[in-house]
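See structure below.
The values are calculated or read from the model by the stated rules, or taken from the named source; none is laboratory data. Given the structure is predicted, the values throughout are model-derived calculations rather than measurements. Quick reminder, even Gly has a Cβ in these numbers, built from the backbone with ideal geometry, and neighbours come from all protein chains shown. The protein model used for the area step is the full one, side chains on, heavy atoms only, and it has no ligands, DNA or RNA in it. Shrake-Rupley method; radii C 1.70, N 1.55, O 1.52, S 1.80 Å.
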Amino acid sequence: MRRGFNKKSGDRLLSIAMASAIVFSGWTSVRAGAAEPITPVINTLSNYAVTDLGLTPGKNESELNLTWYTPRNPGTAVVQIAEKSNMNGSEFPADKAMTFNGKANDAVPDFSTNKVTVTNLKGSTEYVYRVGDGTDEHWSTVYEYTTRNAEDYRIMLVGDPQIGASGNATTDTAGWEDTLTKAVEKFPDYSFIMSAGDQVNTSTSEKEYTGFFKPDALRNLPLAPVVGNHDNSVNYKYHFNQPNESAEFGVTNAGGDYYYTYGDTLFMVLNSNNMSGASHAAFMKEAAAKNPNARWKIVTFHHSIYSAASHSTETAIVNLRAALFPTIDELGIDIVLMGHDHSYVRTYNMKADQPQKDQIVDEKGRVVNPKGTAYITANSASGSKYYALKTTPEIYSEVRSQLKVPTFSNIHVTPSSIEVSTYRTDTMEEVDTYTLVKDKTAPTYTLEANGSAFADGTVYQDNETVTFKLDVKDETTGVVSQSLTLDGKPYQQGSEVDLAGKLGVHTLRIVAVDTAGNTLDTTLRFKVETSIPAMQSLLDRYTAVGDVNGPLIPQLKNSLDQADHQMNKGSKEKAAKHMQDFLKHINNKPMQGHISKSVKDVLTSDAEALINLWSKK
């Protein structure tokens with residue numbers, strides 16, 4: 001089993017000899033867990049061969065689109081795919097595979113384009129697959145494809161491979177292969193690749209398309225293409241199987257606008273060879289309406305409307321910008337990815353065609369809840385052609401560069417952020433990075449009391465002490481301020497609160513603000529009560545430090561003991577009388593020298609509270 005496509009193919013513009021014999025074949029497959037007969041295949045080819053095999057994202061993360069060339073009239077297009085764990089050595093597990101039929105249609109002379117859609121794929125699963133026409137002798141090499149976590153994933157962004165633009169398709173192909181190889185080595189967990197267009201230099205050159213599809217990575221990673229101005233012919237349609245493609249909006253002979261989702265991200269891809277801004281606006285609004293719960297919205301098209309080289313001031317580009325940005329603003333598009341100008345630009349966040357420089361930036365340098373949209377123009381991923389930057393920087397360009405080295409960008413999407421980091425392939429140095437964060441959630445907290453989680457409404461005895469510990473977190477952008485108050489006064493973290501003399505309900509208020517400005521403001525309560533055991537404990541404490549002394553000690557202890565005895569007998573009335581005796585002892589003038597005023601106040605309050613409690617009917 002090989003990860004890469006390694007079948008040798010000749011010049012596909014040469015005619016293929018056709019056999020006169022007709023081969024008839026059929027079989028039974030396993031699809032979505034159930035046996036299902038497959039339509040028999042009629043094949044007139046004696047030298048069936050698979051070339052230019054490529055993957056494209058499906059409508060969502062559970063689907064995968066495949067396209068490949070074969071000699072004319074293969075009969076049908078078939079894909080078998082199985083979980084890699086079912087492989088037995090190098091033997092493809094046909095008995096456990098899902099089988100999908102597609103269509104084979106005439107393409108360029110002597111060749112057919114084969115297109116199949118695979119569905120019902122599991123997330124985070126390693127698969128093996130093969131393509132063919134359904135006859136046993138015509139299966140391709142076995143390839144690998146791995147689905148990823150659609151909530152936290154990576155995309156490779158490449159710009160203008162444009163195989164053949166240098167005048168040497170072989171050299172351009174080598175540069176293109178080098179970029180994909182190094183990108184995958186650095187980030188082996190990519191979900192798919194996004195190309196900003198101009199896959200080839202001459203739209204009808206099948207030789208250049210063969211160079212484009214040569215990298216092994218394109219058998220393992222789907223590539224979401226954009227129609228570039230050098231791709232704008234029907235050959236593009238032969239090579240790519242685009243999901244949700246519009247037959248109404250953005251249409252040229254290379255196809256129309258299309259969209260797909262991956263997790264909670266909506267990707268909208270525009271064919272900007274059609275310069276009708278109204279058509280693209282209608283498409284974007286329709287796609288967004290069909291996916292109202294998308295957390296992220298990313299738009300891709302070829303003709304950069306915010307670039308820094310020779311195309312940037314062309315009338316058609318300026319007009320396209322004027323036509324597109326109002327809808328991009330209206331829909332709250334997060335990032336727009338483009339190509340065409342063979343240089344790198346990252347704009348300030350743009351809104352109403354103006355840079356929005358007043359942004360919230362967290363301690364990591366990330367833009368928080370950004371105002372406007374970031375536009376990124378990718379440079380060449382193959383090195384086939386570069387354009388010089390204009391001398392005067394544009395008002396919209398935050399970063400602009402011409403390294404004259406192939407580059408790629410790593411896009412990391414999480415539930416709360418999108419990070420775009422760009423690398424040069426000669427040194428693999430990061431040359432730019434931008435992260436946007438969406439944070440609409442207030443910080444969270446945990447509050448401990450005496451080392452255990454505090455529960456709202458907790459009741460304490462007044463002989464206790466309590467120490468609070470507040471921990472506030474904001475996993476997205478971080479906490480910039482926090483406070484804890486007790487009964488309206490600042491509480492010093494970790495300080496001990498003596499509850500003696502504090503009968504009643506008390507209020508804790510927690511206020512915290514994160515970098516995005518989201519505020520946590522919550523109020524909790526606890527109650528302090530007393531009891532005979534609590535008063536006995538307090539009396540022991542005060543006696544130990546001399547706040548109660550002399551003959552008053554046994555008088556108070558006796559009253560509490562008698563009250564406790566009566567309570568144990570169920571006599572609240574008699575217990576209350578003994579508590580009244582307790583008060584008489586405390587207030588006896590000859591005894592005032594044997595008790596401090598503060599302790600007298602505490603014990604008086606406790607005794608009165610119990611008397612009132614016991615007197616209630």
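Of (1) surrounded by fewer than 18 Cβ atoms within 10 Å (Cβ to Cβ); (2) under 15 Å from Gln536 (Cα atoms), Leu560 satisfies all except one. Which?
So Leu560 meets the others, but not (1).
Out of the residues in the range 241-273 that are open to solvent by less than 10 Å² (accessible area, probe 1.4 Å) and aromatic (Phe, Trp, Tyr), which is farthest from Asp198 (Cα to Cα)?
Tyr260
For (1) open to solvent by less than 70 Å² (accessible area, probe 1.4 Å); (2) touching a Phe, Trp or Tyr at 6+ places or on another chain (Cβ under 9 Å); (3) touching a residue at least 24 places away in the same chain (Cβ under 8 Å), each residue gets a yes or a no:
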{"residue": "Glu430", "(1), (2), (3)": "no, yes, no"}
{"residue": "Val437", "(1), (2), (3)": "yes, no, yes"}
{"residue": "Leu447", "(1), (2), (3)": "yes, yes, yes"}
{"residue": "Gly457", "(1), (2), (3)": "yes, yes, yes"}
{"residue": "Gln461", "(1), (2), (3)": "yes, no, yes"}
{"residue": "Val466", "(1), (2), (3)": "yes, yes, yes"}
{"residue": "Asp474", "(1), (2), (3)": "yes, no, yes"}
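Looking at the structure I just gave you, is Thr515 in the same structural domain as Val459 (by the TED database), surrounded by 13 or more Cβ atoms within 10 Å (Cβ to Cβ) and of a type outside the set (D, E, K, R)?
For Thr515, the condition - in the same structural domain as Val459 (by the TED database), surrounded by 13 or more Cβ atoms within 10 Å (Cβ to Cβ) and of a type outside the set (D, E, K, R) - is met.
What's the number of the only condition in (1) open to solvent by 50 Å² or more (accessible area, probe 1.4 Å); (2) within 60 Å of the chain's Cα centre (by Cα) that Asn587 fails to meet?
Asn587 satisfies all of (1) open to solvent by 50 Å² or more (accessible area, probe 1.4 Å); (2) within 60 Å of the chain's Cα centre (by Cα) except (2).
Is it fair to say Ser90 is of a type outside the set (A, V, I, L, M, F, W, C) and either open to solvent by less than 40 Å² (accessible area, probe 1.4 Å) or modelled with pLDDT under 95 (or both)?
Taking the combined requirement at face value, the residue satisfies it.
With the structure loaded, tell me whether Ser495 is surrounded by 14 or more Cβ atoms within 10 Å (Cβ to Cβ), among the polar types (S, T, N, Q) and at pLDDT 95 or above or whether it fails that test.
So Ser495 fails the test.
Kindly provide the set of residues from the range 134-186 that are open to solvent by less than 20 Å² (accessible area, probe 1.4 Å) and under 18 Å from Val413 (Cβ atoms), ordered by number.
Thr147, Ala150, Tyr153, Ile155, Met156, Leu157, Val158, Ala183
If you scan the range 359-417, which residues turn out to be open to solvent by 40 Å² or more (accessible area, probe 1.4 Å) and among the β-branched types (Val, Ile, Thr)?
Result: Ile360, Val361, Thr391, Thr392, Ile395.
Within the range 186-293, which helices (runs of 4 or more DSSP H) (wholly inside it) include 3 or more residues that are under 24 Å from Val116 (Cα atoms) and at pLDDT 95 or above?
Result: 206-212, 234-239.
Show the residue pairs meeting these rules: Cβ distance below 6 Å; 6+ apart or different chains; first residue within the range 573-588 and assigned by the TED database to the domain that holds Gln536 and without any contact (Cβ under 8 Å) to a residue 24 or more places away in the chain; second residue open to solvent by 50 Å² or more (accessible area, probe 1.4 Å) and among the polar types (S, T, N, Q).
Once the first residue is assigned by the TED database to the domain that holds Gln536 and without any contact (Cβ under 8 Å) to a residue 24 or more places away in the chain and sits in the range 573-588, its partners that are open to solvent by 50 Å² or more (accessible area, probe 1.4 Å) and among the polar types (S, T, N, Q) give His578/Gln562.
Quickly run through the range 207-232 and pick out the residues that are more than 29 Å from Tyr127 (Cα to Cα) and open to solvent by 10 Å² or more (accessible area, probe 1.4 Å).
Lys207, Glu208, Asn229, His230, Asn232, listed by residue number.
How many of the residues in the range 509-532 are of a type in the set (Ser, Thr, Tyr), over 30 Å from Arg366 (Cβ atoms) and assigned to a strand (DSSP E or B)?
Result for the range 509-532: 1.
Do any strands (runs of 3 or more DSSP E) entirely within the range 102-170 hold 2 or more residues that are within 21 Å of Phe212 (Cβ to Cβ) and aliphatic (A, V, I, L, M), and if so, which?
It comes to 153-158.
Does Asp462 fit the bill of being over 30 Å from Thr347 (Cβ atoms), modelled with pLDDT of 95 or more, of a type in the set (Asp, Glu) and in contact with a Leu (Cβ under 8 Å, 6 or more places away or on another chain)?
Yes, satisfied.
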